[in-house]
Amino acid sequence: MNDFTEQVKPLIADVPGWLTDEEGEALYELARACTGTGVIVEIGSWKGKSTICLGRGSLAGSSVPIYAVDPHADYRFGDFKANVDRAGITELVNPIASLSQPAADDFEEPIELLFVDGSHEYDLVLEDFEKWVPKVVDGGWVAFHDTTWTAGPRKVVGHAVYRSTKFKDVRFVVGSTTVARKVEQNTLADRARNRYVLGVKTAFWLGSTAVKKQRHLLPKQVERLGRRLLRAIQ
Ligand SMILES: C[S@@+](CC[C@H](N)C(=O)[O-])C[C@H]1O[C@@H](n2cnc3c(N)ncnc32)[C@H](O)[C@@H]1O
């Protein structure tokens, strides 16, 4: 059993949210690898599931601070705070109670890891991309949730990440997260690989949609096969 499975999964088991275990673990590992060249920013916290994965990863690494940007509506801020407290990461987490688009104007710290899971409207995701990604340091990482079945984020990462000259090491994490490393300029080989991963993601999206339509649900065996295939071919 690895650290994520042993220590973090029990902490998020009862926290509502949409992350798969693979996505939670990917956020944990990305945060753990942060060295402090910039901070960690999360856009869209809900009740803190992804915040906990990022926070526990950071705690296991260099304790890089996390800024959790969300309107943090009163009716659920109590749950967010209780979940973050219970995970032992209160000191690391700085909630910013705001929409992410105006919050970007006042945010001046360099960012080493940016996780975007706020609004899913195309125009607002694009605005998040345009306002927040320039603050990510070269060599830093971005992760976008909901880039398969949800049109807004899928379209933004399609052109601004997978087809861009500014990202390498693009990866698709089951079920819907795109992860990529920001660079000054990627190479032809990087671009070919990014396009290949886009093909893998599109195949996963169309395949899972077809199965869902036919069977109403993605059956466990198909889901397991999909996961295994993705691990083998990415
Ligand atoms: C899908 S939930 C986030 C889930 C969370 N990342 C998790 O793993 O549990 C989306 C969140 O984005 C927030 N949100 C919606 N529009 C936003 C915006 N424009 N700026 C910042 N947060 C936004 C909502 O308040 C909600 O908490």
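Data table
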read-out: Pairwise Cα inverse-distance average, inverted: Kirkwood Rh of the stretch 1-88 (Å); value: 12.9 Å
read-out: Computed helical MRE - 222 nm, the chain, DSSP H runs ≥ 4 contributing -39500 (n - 2.57), nearest 500; value: -14500 deg cm²/dmol
read-out: Scattering curve values for the chain, log₁₀ I(q)/I(0), Debye with Cα scatterers, q = 0.13, 0.15 Å⁻¹; value: -0.76, -1.03
read-out: Fraction of alpha-carbon pairs over 16 Å apart in the stretch 90-167 - percent; value: 51 percent
read-out: Qualifying GluC sites (Glu not before Pro) in the stretch 124-199, DSSP loop, other Cβ atoms within 10 Å at most 11; value: GLU184
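Every number here is computed from the coordinates shown, using simple stated rules; none is lab data. Since the model is a prediction, treat every value here as computed from it, not as a measurement. Note that each Cβ is placed from the backbone with ideal geometry, even for glycine, and that neighbours are counted across all protein chains shown.
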